[in-house]
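The values are calculated or read from the model by the stated rules, or taken from the named source; none is laboratory data. Computed from a predicted model, the values in this text were never measured in an experiment. Note: ideal-geometry Cβ built from the backbone for every residue, glycine included; neighbour counts use all protein chains shown.
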Amino acid sequence: MTLNLSPNIADPDGFYDELLAAHEGLDKAASDALNARLILILCNHIGDREVLRDALAAASKT
Amino acid sequence: MVDVRYDIAFRLYPYERVQTQGAARQRVPVVIVGGGPIGMAAALDLGRKGTPVLVLDDHEGVGQGSRAICFAKRTLEIADRLGAARAMVDKGVVWNVGKVFHGADQVFEFNLQPEPGHEMPAFINLQQPYFEKFLVDEIRVAQKEGAPIDIRGRNAVTGITRHADHVVLDVGTPDGPYQIAADWVIACDGARSPIRDMMGLSFDGRVFEDNFLIADVKMTAEFPTERWFWFEPPFKNSGQSALLHKQPDDIWRIDFQLGWDIDRKAELDPARVRERVDAMLGAGADYELEWTSIYTFQCRRMKKFRHGRVLFAGDSAHQVSPFGARGANSGVQDADNLAWKLDLVIKGLAPDTLLDSYSAERVHGADENILNSTRATDFLTPKSETSMTFRNAVLDLARRHAFARPMVNSGRLSVPCVYDGMPLNGPDALGGPAATRVGAPCLDAPLDRGFLLNRLTGHFTVLSINASAPDIAEVDGVPVAHVTLTTDRNDPTGALAQRYLGTQPQAVYLIRPDQHVTARWPGCDTRAVTEAVRQAIGKAA
Ligand SMILES: Cc1cc2nc3c(=O)[nH]c(=O)nc-3n(C[C@H](O)[C@H](O)[C@H](O)COP(=O)(O)OP(=O)(O)OC[C@H]3O[C@@H](n4cnc5c(N)ncnc54)[C@H](O)[C@@H]3O)c2cc1C
């Protein structure tokens, strides 16, 4: 598998909304904790170490 | 004069005036400096092979206070080859269930059911003084059987001079100093190794800015024989993590992680220690403090473990934080790796360059151990806000979701390293199971009588399974033993086939004296074995 960096989420605006909604009302610490849990859940779902490494590299490049 | 740096738990080698002191300087093949677990294991191994060894220790026995408590299967298998494991297993506590807490809540529980078909348990808890005592007890047995092992208590090495073909040691005793010459020196003198310092060698790595209070308490309370580990424990003043773990003799090991800026002396005040222990065990718990100490931990190693005629083994060569119990366990593997090589070199059967492979293989092992214990320490003491956030997210998720549990790291169990890609390795031509690949330590398996590892007694051994054994008894004077088995007759549980054949119908393994696989084939002739033995004793062209 290779890391998919093309559009892949249906209704991107809707998804973005849900992402922000999950953080609503949380202070910084709680928000950071939520993000961390989310990252771990998604990483586990992906599982493939190659893809995860590519994702880390892509995210690290700014 | 010889300083007494610690109290003795077992006085096993009382000081006696050295007979030759004052006479001409003695010259011996091997001096082992330091009679801790690693020095004693090396002495027993070499002595049992008939190579004379002299152990010099600056105390008269085993230090009080248990440091190591957790001894892994591979260590017990090595001790078993040396004859000392029975006493250890009989005395030790076997445990399987562990519980992990975060604050007051249990995050999850695990059961390390051992894989069946191994003679030794996956690990035991045993106070280090007992471990050392059982090794020395076995040395006494070996001595009676004629093994040339000599132990001198309260003989402190104070100086070292290296020559091309020998080493001279200055030794201090209550009757004054003397000198002794040795062809080879094994420095098993612990993490603060005076020998390493005298030779001006570096010991680099990482210090973890944390203090751990260790309290061994004696109580007959009805706690189950389990390992309980708390992240951010709920009881008062218990620091960032805590551990409760059972040892023999109704002793419990309690660890508190206290942080960096502490007043060591104040923290060791028994009243203060009791306050903490009371908070953990609950008011009214009835116990005695057996032993308390505060440690800071580091992960570091020497660049190489061989310096000419001086070989470093155990904590003198590498130090790890104790999470994962890799200190003594890996040191015993050093001794296991070194003893047969040094024995062959001393007997003139192998070139001294064979000892370079000791350094290469055990540096590889040390790096693996340091990596593991560094990772555990990073999980226990997150170094930044973000790593703390991730750590707690893992603990949070682990309560509800199985996927996060393997990420919880309160120390990984010590497993032996595989000497993958090392220069002594011969061909891996079998297409057999990965677990017994070339470089790996042999896995045990029950046979029709006894266990496989009992048959691998410290010689090069050709293990033939369903294959005809090549006709060979020695290579250049190095004896080659044979264990010839068939799965029909000798493999009652199928474990032998599963661990050594996999999908193959037959196999021939060449196994080193330290029970590591050094070559394997579907079948082979004497030439192939000869070449692989030569390779394994450092004679490859
Ligand atoms: C709190 C704690 C918990 C631990 N838990 C575990 C565990 O569960 N499992 C595990 O495997 N490991 C554990 N370890 C690590 C383990 O204790 C060490 O790795 C082990 O003791 C190393 O053995 P050694 O023989 O190399 O050195 P040491 O045990 O330090 O022995 C060195 C010996 O050399 C002697 N000596 C020193 N200088 C001289 C000199 N100049 N002349 C003569 N003799 C000298 C000393 O007196 C001593 O007898 C733990 C350590 C600590 C601190």
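A quick yes/no check of all residues on (1) more than 20 Å from B:LEU342 (Cα to Cα); (2) in contact (Cβ under 8 Å) with a residue 60 or more places away in the chain; (3) more than 30 Å from the chain's Cα centre (by Cα):
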site	(1), (2), (3)
B:SER464	yes, no, no
B:ALA469	yes, no, yes
B:ASP476	no, yes, yes
B:VAL480	no, no, no
B:TYR500	yes, yes, no
B:VAL508	yes, no, no
B:ILE511	no, yes, no
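The rows are residues; the columns are (1) charged (D, E, K, R); (2) under 19 Å from B:VAL55 (Cβ atoms).
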{"site": "B:ASP315", "(1), (2)": "yes, yes"}
{"site": "B:ALA328", "(1), (2)": "no, yes"}
{"site": "B:VAL332", "(1), (2)": "no, yes"}
{"site": "B:ASP343", "(1), (2)": "yes, yes"}
{"site": "B:THR353", "(1), (2)": "no, no"}
{"site": "B:ALA366", "(1), (2)": "no, no"}
{"site": "B:ASN372", "(1), (2)": "no, no"}
{"site": "B:PRO382", "(1), (2)": "no, no"}
Within region B:1-23, the residues that are more than 17 Å from B:ALA142 (Cβ to Cβ), at pLDDT 95 or above and within 14 Å of the ligand (Cβ to nearest atom) are B:TYR15
Selection over region B:151-182 where residues are over 20 Å from B:ILE38 (Cβ atoms) and either part of a strand (DSSP E or B) or within 12 Å of the ligand (Cβ to nearest atom) (or both) yields a count of 12
Of (1) under 27 Å from the mean Cα position of the chain (by Cα); (2) farther than 23 Å from B:ASP336 by Cα; (3) hydroxyl-bearing (Ser, Thr, Tyr), B:THR493 fails just (1)
For region B:168-187, does any single residue satisfy the condition of being touching a His at 6+ places or on another chain (Cβ under 9 Å), assigned by TED's automatic domain parsing to the domain that holds B:ILE69 and surrounded by fewer than 21 Cβ atoms within 10 Å (Cβ to Cβ)?
yes
Of B:VAL207, B:VAL157, the only residue that is at pLDDT below 95 and of a type in the set (A, V, I, L, M) is B:VAL207
Per the list (1) assigned to a helix (DSSP H, G or I); (2) within 12 Å of the ligand (Cβ to nearest atom), residue check on B:PHE297 breaks on (1)
Taking region B:327-353 and keeping residues farther than 17 Å from B:VAL185 by Cβ, part of a helix (DSSP H, G or I) and away from the ligand (no atom under 15 Å from the Cβ) leaves B:TRP340, B:LEU344
Scanning region B:24-72 for residues that are touching a Lys or Arg at 6+ places or on another chain (Cβ under 6 Å) and either within 14 Å of another protein chain (Cβ to nearest Cβ) or part of a loop (DSSP other than H, G, I, E, B) (or both), the one farthest from the ligand (Cβ to nearest atom) turns out to be B:GLU60
The correct count of residues that are within 13 Å of another protein chain (Cβ to nearest Cβ) and assigned to a loop (DSSP other than H, G, I, E, B) in region A:28-62 is 1
A careful count of residues in region B:195-217 that are over 20 Å from B:VAL363 (Cα atoms) and either within 13 Å of the ligand (Cβ to nearest atom) or assigned to a loop (DSSP other than H, G, I, E, B) (or both) gives 9
If we keep only residues of region B:395-454 that are touching a strand residue (DSSP E or B) at 6+ places or on another chain (Cβ under 9 Å), over 28 Å from A:CYS43 (Cα atoms) and in a helix (DSSP H, G or I), then the residue farthest from the other protein chains (Cβ to nearest Cβ) is B:LEU452
Check your understanding: Can we say B:ALA339 is farther than 17 Å from B:VAL533 by Cβ, aliphatic (A, V, I, L, M) and out of contact with any Leu (no Cβ under 7 Å at 6 or more places or on another chain)?
Key -> no
